[in-house]
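Nothing in this text is a laboratory measurement; each read-out follows from the coordinates by a stated rule. Given the structure is predicted, the values throughout are model-derived calculations rather than measurements. Neighbour counts are summed over all protein chains in view; Cβ atoms, including those assigned to glycine, are modelled from backbone coordinates with ideal geometry.
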Amino acid sequence: MMADEIRQAVRTHLLEDVLAGEDPSNLTDDMPLRTSGIIDSMGVIRLTGFLEQRFGIRVEAHETGVENTDTVDAIVSFVESKAD
């Protein structure tokens, strides 16, 4: 799967699940999601479930840290690394 496809799927999920009703242009690929409090612990659980289901990857508990889930860019890189 190409990075652009992953990015679009992640952005769509975030806009529907976390940022419902927000202007899509407000979600930039480098916008802090966890460190700014936009995604809380329950949001991480939902995001993890989405990633596993949508991309057929297994996300371990130790992989749900800020380094993999704080921005769209980080999430895309993480999914790409798991898909290899």
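Some observations on this one:
- Among 47-54, 69-76, the order from most to least packed when residues are scored by Cβ within 10 Å on average: 69-76, 47-54
- Two-decimal Rg to Rh for the chain - Kirkwood Rh, Cα set: 0.92
- Length added when fully stretched, Glu22-Arg46, from 0.36 nm per residue minus Cα-Cα: 6.8 nm
- Using the rule -39500 (n - 2.57) for each DSSP H run of four or more residues, divided by the residues of the chain, the 222 nm mean residue ellipticity is -17000 deg cm²/dmol.
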